[in-house]
Amino acid sequence: MPFTPFHFGPGALLHAIAPRHVSFIAFCGANVLIDIETLVNLVQRRDPLHAFFHTFVGATLVVPATLLVFLAARWFAAKVWLPDLFRWRSLTVRQVLVGAALGAYTHVVLDSIMHADAMPLMPWSASNPVHDAVSTGVLHLACFGTGVVAAFIVEYARHPRHRGPQE
């Protein structure tokens with residue numbers, strides 16, 4: 001993916017389907033943390049660009065790192081005023097962990113499909129069995145499309161006629 005935003009479409013859909021279980025903010029945060037590696041490798045002109053954190057082992061470490069960033073931000077917000085955009089302070093640890101895990105692992109899969117230098121199964125295998133499983137255009141369209149579907153689901157759910165019985 002040409003940096004992280006294309007990854008957000010699938011995350012938006014997962015959150016739209018299960019908003020009480022999946023933190024979209026944590027999903028995005030895990031994706032950004034993973035792509036910091038790519039940015040550093042680009043700036044330092046190191047190969048491969050998609051290295052350790054683009055493996056399932058590396059992505060697994062990103063999940064608790066995302067939680068630690070969240071907990072640190074929540075601690076900091078208790079000391080100094082920070083805006084509570086999207087009600088991030090009310091997220092549970094479980095929501096953050098689920099969102100971060102889904103974000104990290106989908107990132108590995110999506111980048112492995114697109115990038116030949118990704119080795120998602122390291123250290124066990126240098127192979128990339130999903131590379132070019134679909135074309136880059138189809139991959140981008142699918143990621144964008146999931147975001148569009150998510151927007152429709154969220155808007156549908158927000159409309160009073162589509163909610164359950166009111167008490």
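The values are calculated or read from the model by the stated rules, or taken from the named source; none is laboratory data. Just so we're clear, the structure is a prediction, and the values are computed from it rather than from any experiment. A quick note on method: Cβ atoms are made from the backbone with ideal geometry, for glycine too, and the neighbour counts reach across all protein chains shown.
What to note about this one:
- From Leu121, Leu139, residue being part of a helix (DSSP H, G or I) and either of a type outside the set (Lys, Arg) or modelled with pLDDT under 95 (or both): Leu139
- Asp132 surrounded by 10 or more Cβ atoms within 10 Å (Cβ to Cβ), outside any helix (DSSP H, G or I), on the phi > 0 side of the Ramachandran plot and of a type outside the set (A, V, I, L, M, F, W, C): yes
- Scanning the range 57-76 for residues that are farther than 16 Å from Arg94 by Cα and either touching a helix residue (DSSP H, G or I) at 6+ places or on another chain (Cβ under 6 Å) or β-branched (Val, Ile, Thr) (or both) yields a total of 3.
- Residue that is surrounded by the most Cβ atoms within 10 Å (Cβ to Cβ), among those in the range 88-97 that are touching a Ser or Thr at 6+ places or on another chain (Cβ under 7 Å) and not in a loop (DSSP other than H, G, I, E, B): Val96
- Looking only at the range 1-51, and only at residues there that are aromatic (Phe, Trp, Tyr) and closer than 18 Å to Val149 by Cα, the one that is farthest from the chain's Cα centre (by Cα): Phe6
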